[in-house]
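In what follows, a structure is listed as structure tokens, so that the remarks can point back to it.
The numbers here are math on the coordinates, done by the rules we state, and not lab data. Model, not experiment: these values are computed from the prediction. Cβ placement follows ideal geometry from the backbone for every residue including glycine, while neighbour counts extend to all protein chains displayed.
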Amino acid sequence: MSSQFSRSKEQPGSRRVLPDPLSTPAPAPASRTLRHDRVSRLNSSGSADVLKDRTSDSYAERRENRLAARRAEQEAAGSGNYKKMYEEALLTNERLKTRLEGSKQELVMMQTQLERANQRKGRGVESCRSNIQLETEKKERRALERNISDMEEEIKVQTDLKMENQRLKDENGALIRVISKLSK
């Protein structure tokens, strides 16, 4: 069983134990029957339904009246505000339109500057590319010229070797003839 303590004004230092609402005993059977009788009488005569209908109708009417009054106040206060709000919206729209136009002009200017820069860069890139190509072509040309000069030297050496080879063949043929005459 839980207990709750409270201080009373008469006795400042004392505590009073309050009964736990969950542990309170059930109401006496007599009180139950009285309540039951009252409910049954109201239900049997139908007056509770009529009373209920009357209270709900008056509640709904009062609620509707309050809402209508509130709407009327808002409309009266808001009619001037709508015009003011409309004018403010028009002003903001105009400001936004001018900002948009300015932004569009800036965008066009930036695009033209970007195109010019790309064209300049393209020219610079083309000149760089052509310089690089010229340098590589020069290197290739030098390499080819070296190869040609090497081949020319090899051809000269080869012709010299052919001539010497031919001379040796001729000498060999002459020696063979001399040996064949001597051997007869």
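Figure the gain on full extension for residue 65 and residue 147 (residue separation times 0.36 nm, minus the Cα-Cα span) and round it to one decimal in nm.
18.4 nm
Using the charge dipole of region 88-158 (Lys, Arg: +1 at Cβ; Asp, Glu: -1 at Cβ; taken about the Cα centre), state which of 112, 151, 100 has its Cα farthest towards the positive end.
Farthest towards the positive end: 100.
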